[in-house]
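K.L.:
One structure coming up, written as structure tokens, with questions to follow.
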Amino acid sequence: MWQAISYYGVLALQSLVGVVGIRLYEEPRFDIVGSLKNGIEIRRYGPRLAAEVETGEAGDAGRDEAFGLLFAYIAGANRTSALANERVAMTVPVEVRVGERLAMTVPVQVIDPGAVGAMRFYLPAKFTRDTALAPTDARVRLVTSPTETIAVLRYSGSGADGTQRRRELIAGLPGSPWQPVGEPYTLSYDAPFTLPFARRNEAAVRVFTP
């Protein structure tokens, strides 16, 4: 009981300070390997472990369902090898991919913001494939992102302009040493109740150097 009170107490504190954009969550580590004059940053991430849910329907309803399943997973809907539940620390960013299914392996040039996609919560760095907590809901699965280089374009606001920002990101790469691979997606760092001007959102896409 006290563990649960402590867990949700920490979440409440993080949410309270998060209203003004103060983030107390763990973030995946990365190296900045380049930047473009138009504000695009090139980052290299190492392998990362994440819990992922494929949204069952398009639009906000699908994203809300995915978020609920992922939050339930980190809040205790999981099991260790001893079949005991454990709560997982919240981390950022929350990754939302739209316009593609996970099985797709070719780029999609036209982005449909209302399409079925996937949402990921990255797990704290202390977890590995061998020590990660198994989801109790089959709709939640653990995936490993490989080492990858991504281009990101940071912006604030409610995130309603995410489609346009992803287009700006792709439009800003031609003529640079970095070429996009696959479909752009969104990285969100704040809760919906964070004041719009204090929010951190990022349009992102995997890139390579020819």
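K.L.:
Looking at the range 145-161 only, could you name the residues that are touching a strand residue (DSSP E or B) at 6+ places or on another chain (Cβ under 6 Å) and either within 29 Å of residue 194 (Cα to Cα) or crowded, with 18+ Cβ neighbours inside 10 Å (or both)?
P.N.:
Our first condition is that a residue be touching a strand residue (DSSP E or B) at 6+ places or on another chain (Cβ under 6 Å); within the range 145-161, this holds for 145, 148-155, 159.
145, 149, 150, 151, 152, 153, 154, 155, 159 - these are the residues of the range 145-161 that are touching a strand residue (DSSP E or B) at 6+ places or on another chain (Cβ under 6 Å) and either within 29 Å of residue 194 (Cα to Cα) or crowded, with 18+ Cβ neighbours inside 10 Å (or both).
K.L.:
Among the listed residues 66, 51, which satisfies the condition of being part of a strand (DSSP E or B), closer than 26 Å to residue 162 by Cα and either of a type in the set (A, V, I, L, M, F, W, C) or at pLDDT below 80 (or both)? Spell out the reasoning first.
P.N.:
Numbers: 66 fails: part of a strand (DSSP E or B).
Testing whether each residue is part of a strand (DSSP E or B), closer than 26 Å to residue 162 by Cα and either of a type in the set (A, V, I, L, M, F, W, C) or at pLDDT below 80 (or both) leaves just 51.
K.L.:
Something else now. Among (1) modelled with pLDDT under 80; (2) part of a strand (DSSP E or B); (3) among the charged types (D, E, K, R), where does residue 57 come up short?
P.N.:
(2)
K.L.:
Any chance you could count how many residues in the range 157-191 are touching an Asp or Glu at 6+ places or on another chain (Cβ under 7 Å) and more than 18 Å from residue 39 (Cα to Cα)?
P.N.:
1
K.L.:
Of the numbered conditions (1) without any contact (Cβ under 8 Å) to a residue 60 or more places away in the chain; (2) among the charged types (D, E, K, R); (3) not in a helix (DSSP H, G or I), residue 190 satisfies every one except a single condition; which is it?
P.N.:
With (1) without any contact (Cβ under 8 Å) to a residue 60 or more places away in the chain; (2) among the charged types (D, E, K, R); (3) not in a helix (DSSP H, G or I) applied to residue 190, the lone miss is (1).
Residue-by-condition table, conditions (1) surrounded by fewer than 19 Cβ atoms within 10 Å (Cβ to Cβ); (2) part of a loop (DSSP other than H, G, I, E, B); (3) of a type in the set (Asp, Glu); (4) modelled with pLDDT under 85:
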residue	(1), (2), (3), (4)
105	yes, yes, no, yes
110	yes, yes, no, yes
114	yes, yes, no, yes
130	yes, yes, yes, no
163	yes, no, no, no
183	no, no, yes, no
186	no, no, no, no
205	no, no, no, no
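K.L.:
Search the range 165-179 for residues being farther than 12 Å from residue 152 by Cβ and not in a helix (DSSP H, G or I), and hand back the single one that is nearest to the chain's Cα centre (by Cα).
P.N.:
179
K.L.:
Out of 15, 81, I need the residue that is at pLDDT below 65, open to solvent by 30 Å² or more (accessible area, probe 1.4 Å) and assigned to a loop (DSSP other than H, G, I, E, B). Which one? Give the steps one after another, and end with the answer.
P.N.:
On the way: 15 fails: assigned to a loop (DSSP other than H, G, I, E, B).
Just a single option satisfies the conditions, and that option is 81.
The values are calculated or read from the model by the stated rules, or taken from the named source; none is laboratory data. Model, not experiment: these values are computed from the prediction. So basically every Cβ, Gly included, is an ideal-geometry build from the backbone, and we count neighbours across all protein chains shown. Note: areas computed on protein heavy atoms with side chains; ligands, DNA, RNA excluded. Shrake-Rupley method; radii C 1.70, N 1.55, O 1.52, S 1.80 Å.
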